[in-house]
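A short worksheet on the structure shown next.
The values are calculated or read from the model by the stated rules, or taken from the named source; none is laboratory data. Keep in mind that what you see is a predicted model, and the values were worked out from it rather than measured. For neighbour counting, all protein chains shown are included, and Cβ atoms are generated from backbone atoms with ideal geometry for every residue, glycine included.
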There are 2 protein chains.
Amino acid sequence: MSDIKSYETALNPQARAALKMQHPRVIWLTGLSGAGKSTIANELEVALNARGKHTYLLDGDNVRAGLCSDLGFSDQDREENIRRIAEVAKLFIDAGLIVTTAFISPFRRDRELARKIIGECHFIEVFIDTPISECERRDPKGLYSKARSGLLKNFTGIDSAYEPPAAPNIHINTIEDSVAHAVSKILEVIYKAEKTHILPAPPKK
Amino acid sequence: MSDIKSYETALNPQARAALKMQHPRVIWLTGLSGAGKSTIANELEVALNARGKHTYLLDGDNVRAGLCSDLGFSDQDREENIRRIAEVAKLFIDAGLIVTTAFISPFRRDRELARKIIGECHFIEVFIDTPISECERRDPKGLYSKARSGLLKNFTGIDSAYEPPAAPNIHINTIEDSVAHAVSKILEVIYKAEKTHILPAPPKK
């Protein structure tokens, strides 16, 4: 083998995405625990796969148990958690995939950091907007009940803040929108962006 | 939206891989700085892409600058670096991709941890075996020279250990093997594993 120089042949992100005939994208879902992020994310991934799109889903199940198993739920650890998720999402973008992330991601500053890391042109912020009263009524994992009784500390909406997005790219109201409707709203934005290469302007306040 | 329950529709790793018509795999390259890991990794990715395979490459350029930008080169930080890379590679496996990793990964224990995290059936360890004298002669980034003069601490092979794999799945001798030959050796193993679903036994010592 001759001397190793700075390699000249390297596969670029465009080549990886071209093989998949799609534009890489991160669909960043944010909302309270129990808002419906995982349900919508999973249905969205199934719908995209059915349309031949190459996808991945980052959520608590596969991230908190592995890459971020060393992190807790303090503000500082939440920030590092979101930073790592954004960095991993960026790698998936580079690999040409459409990635959905389903994390509470409660702090505006951290979501802005994620947008910066991933890149404005790849980032679609989706606010899964469910009032806390409704999330608490659903309480699918019994977490609100635990948090109310003090068994769970730093729980978003109870003793840790949730800062709703001021101008998300997509706003889903889960009281009015069905899961199917939420998914089709997101698909529409992805397909429009695919055609125009332009992400939608955030809705006016 | 009705109550959010544990979602029943979720895309599984098999569905993601099926769309790509391939078996996900991690090609884990290990070897000294300057051994030729990045050169071989890049050529391998180009070759796989040309064959319609969906790939990704994790290396110092995209990992050390992002996900692991908070880590240094102490033994402890190297361990955490490899743990995160393995966890990310596992996510890519889950997404159905063939991932090449190009990191010195000097410690046997850390590579075994990576194998455990990623899963035996997905993990192909490739020893890029170049004598340190040759790596130092090449010194493509001038790092050995810096390390010898004491400007760089904890440099593998100089003042930090490199533990060669005892039984790698593939052994590349870069003095004898050309880059093209190294790539074809690795491709052969990937394609054989693709057909038989069985990884090659590590070569006998």
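Working only within the stretch B:125-175, note down all residues that are assigned to a helix (DSSP H, G or I) and either of a type outside the set (Ser, Thr, Tyr) or in contact (Cβ under 8 Å) with a residue 60 or more places away in the chain (or both).
B:ILE132, B:GLU134, B:CYS135, B:GLU136, B:ARG137, B:ARG138, B:LEU143, B:TYR144, B:LYS146, B:ALA147, B:ARG148
Checking A:LYS53 against (1) assigned to a loop (DSSP other than H, G, I, E, B); (2) more than 9 Å from chain B (Cβ to nearest Cβ): exactly one of these is not met. Which one?
The number of the failed condition is (2).
State whether the residues of the stretch B:28-43 include one that is free of Cβ contacts under 8 Å to residues at least 40 places away in the same chain and assigned to a loop (DSSP other than H, G, I, E, B).
no
On the basis of being surrounded by fewer than 17 Cβ atoms within 10 Å (Cβ to Cβ), away from every other protein chain (no Cβ under 14 Å), more than 12 Å from B:LEU67 (Cβ to Cβ) and of a type in the set (Asp, Glu), does A:GLU79 make the cut?
Judged against the criteria, A:GLU79 is not a match.
Tell me which residues, restricted to the stretch B:82-102, are more than 11 Å from chain A (Cβ to nearest Cβ) and hydroxyl-bearing (Ser, Thr, Tyr).
B:THR101 - this is the single residue of the stretch B:82-102 that is more than 11 Å from chain A (Cβ to nearest Cβ) and hydroxyl-bearing (Ser, Thr, Tyr).
Restricting attention to the stretch A:43-54, does a residue exist that is touching an Asp or Glu at 6+ places or on another chain (Cβ under 9 Å), under 29 Å from B:ARG83 (Cβ atoms) and either crowded, with 16+ Cβ neighbours inside 10 Å or not small (Gly, Ala, Ser) (or both)?
No, every residue in the stretch A:43-54 fails to be touching an Asp or Glu at 6+ places or on another chain (Cβ under 9 Å), under 29 Å from B:ARG83 (Cβ atoms) and either crowded, with 16+ Cβ neighbours inside 10 Å or not small (Gly, Ala, Ser) (or both).
With respect to B:ARG115, determine if the residue is among the basic types (Lys, Arg) and either touching a strand residue (DSSP E or B) at 6+ places or on another chain (Cβ under 9 Å) or within 14 Å of chain A (Cβ to nearest Cβ) (or both).
Yes; evaluated as a whole, the condition is true for this residue.
Looking at B:ALA182, B:ALA193, can you tell me which residue is touching a strand residue (DSSP E or B) at 6+ places or on another chain (Cβ under 6 Å), buried (at least 17 other Cβ atoms within 10 Å of the Cβ) and aliphatic (A, V, I, L, M)? Spell out the reasoning first.
Numbers: B:ALA193 fails: touching a strand residue (DSSP E or B) at 6+ places or on another chain (Cβ under 6 Å).
So the residue among B:ALA182, B:ALA193 that is touching a strand residue (DSSP E or B) at 6+ places or on another chain (Cβ under 6 Å), buried (at least 17 other Cβ atoms within 10 Å of the Cβ) and aliphatic (A, V, I, L, M) is B:ALA182.
All but one of (1) part of a loop (DSSP other than H, G, I, E, B); (2) in contact (Cβ under 8 Å) with a residue 24 or more places away in the chain; (3) within 9 Å of chain B (Cβ to nearest Cβ) hold for A:SER69, so report the exception by its number.
A:SER69 satisfies all of (1) part of a loop (DSSP other than H, G, I, E, B); (2) in contact (Cβ under 8 Å) with a residue 24 or more places away in the chain; (3) within 9 Å of chain B (Cβ to nearest Cβ) except (2).
Within the stretch A:72-112, how many residues are part of a helix (DSSP H, G or I) and β-branched (Val, Ile, Thr)?
Residues meeting the conditions: 4.
Being assigned to a helix (DSSP H, G or I) and closer than 17 Å to A:ILE85 by Cα is the filter here, so list the residues in the stretch A:113-124 that pass it.
A:LEU113, A:ALA114, A:ARG115, A:LYS116, A:ILE117, A:ILE118, A:GLU120, A:HIS122
Check off (1) crowded, with 20+ Cβ neighbours inside 10 Å; (2) within 7 Å of another protein chain (Cβ to nearest Cβ) for A:THR30 and give me the number that stays unchecked.
So the condition that A:THR30 fails would be (2).
Can you confirm whether B:ALA18 is modelled with pLDDT of 95 or more, at the interface with chain A (Cβ under 10 Å from one of its Cβ atoms) and part of a helix (DSSP H, G or I)?
Here the answer is no, as B:ALA18 does not meet what is asked.
Being touching a helix residue (DSSP H, G or I) at 6+ places or on another chain (Cβ under 9 Å) and either over 21 Å from A:THR55 (Cα atoms) or among the polar types (S, T, N, Q) (or both) is the filter here, so list the residues in the stretch B:41-62 that pass it.
Hits for the stretch B:41-62 are B:GLU43, B:LEU44, B:VAL46, B:ALA47, B:ASN49, B:THR55, B:ASP59, B:GLY60, B:ASP61, B:ASN62.
Taking A:LEU97, is it of a type outside the set (Val, Ile, Thr), on the phi < 0 side of the Ramachandran plot and without any contact (Cβ under 8 Å) to a residue 60 or more places away in the chain?
no
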